[in-house]
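Nothing in this text is a laboratory measurement; each read-out follows from the coordinates by a stated rule. Keep in mind that this is a model prediction, so the values were computed, not measured. We place every Cβ from the backbone using ideal geometry, glycine too, and count neighbours over all the protein chains shown.
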Amino acid sequence: MPETHYFFIDECGDPEFYGKRKKLLVGTEGFQPLLILGMVETPNRKTLQKAILELKAEILSDPLYNTIYSVSQPDWYFHARTDHSDIRHRFFQFLRQFNPSELRFHAIIGRKDLGIFNRKHNNNPSEFYFDLVSHLFQEKLNPGHSHSIYLAGRVKSALHKLVSSIDQAIENDAKKKGLEKQDIQYNCSIEPSYQMPELSIVDYFLWALQRYLLKGEIRFWQSIEPLAGKIVDLYAENPKVYDGETHLLRLDELKPPLNL
């Protein structure tokens, strides 16, 4: 029986350049200058899930934390953007106990450059989105393993679009290896983040990476950077690849610089 690898996928930002009536959004208030797709890869989903649930139970039993309003709500789950700073601190400390053999974070950073969007993606958000998805799955799946892919059910893009993009990306990657799509064993499902604790991990990685890229605050990203696998700045000069060991992502080395 082939070994199973697990992938948890989420995103931040959106693929849109135009609003209603084809109004250009670039440069306007609220425009999202980046679309980032993130993936957490692990060979041991059960261990990861057990650890998160134990952390949640510990927090819920501790009066230092369980009186925080958001934590006291019956539907609370770990979510970086809305979590109290004390909870966020606990979760980052939790992530730092893992090593790269237990989990890896991969991401594709898509700069929303209007020139590239017009030239490469034909002014089509779906083509832009698929370009990121296809790079996210490059060299990730192989015929020697079984693969389970879980998508966060709260992502902003149309979920059927994401699923179809993943199917197409896997098929394209298989062809490059001289394989057929059916040679790659995988299943793909959409799960609500509050029902699948593992999705909170990719959410926290994305939050930390986005915060560094947009606000320049490195401490959260740097604290978990050793778990980074392949981080691709897709539309940089000669698509730049970073990792958590020898090629660290740093704002002052991005070319061209992020002008946000």
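Going Cα to Cα from Lys140, which lysines come in below 16 Å? Please leave out same-chain ones fewer than 8 positions away. Output for Lys140: Lys175, Lys176, Lys177, Lys181, Lys230.
With N as its number of residues, segment 208-260 has a Cα radius of gyration that, divided by 2.2 N^0.38 Å, comes to 1.06. Annotation: the residues Glu54, Glu198, sorted from fewest to most other C-beta atoms within 10 Å of their own C-beta, follow the order Glu54, Glu198.
Cα extents for segment 3-253 along the principal axes, largest to smallest and rounded to whole angstrom: 56, 47, 37.
For the residues Cys188, Cys12, what sequence is obtained by ranking on other C-beta atoms within 10 Å, fewest first? Display every interim value, and only then the final one.
On the way: Cys188 16, Cys12 23.
Ascending number of Cβ neighbours within 10 Å: Cys188, Cys12.
What does the charge count near Asn66 come to, summing +1 for each Lys or Arg and -1 for each Asp or Glu among other residues with Cβ under 14 Å from its Cβ? Let's see the in-between values first.
Details: positive: Lys56, Arg90; negative: Glu58, Asp62, Asp83, Asp86.
It works out to a net charge of -2.
Per 0.36 nm of contour for each residue apart, how much would the distance between Asn44 and Glu217 grow if the chain were fully extended, relative to their Cα-Cα spacing?
Details: separation 173, 0.36 × 173 = 62.28 nm, distance 3.11 nm.
Once the chain is fully extended between Asn44 and Glu217, it gains 59.2 nm.
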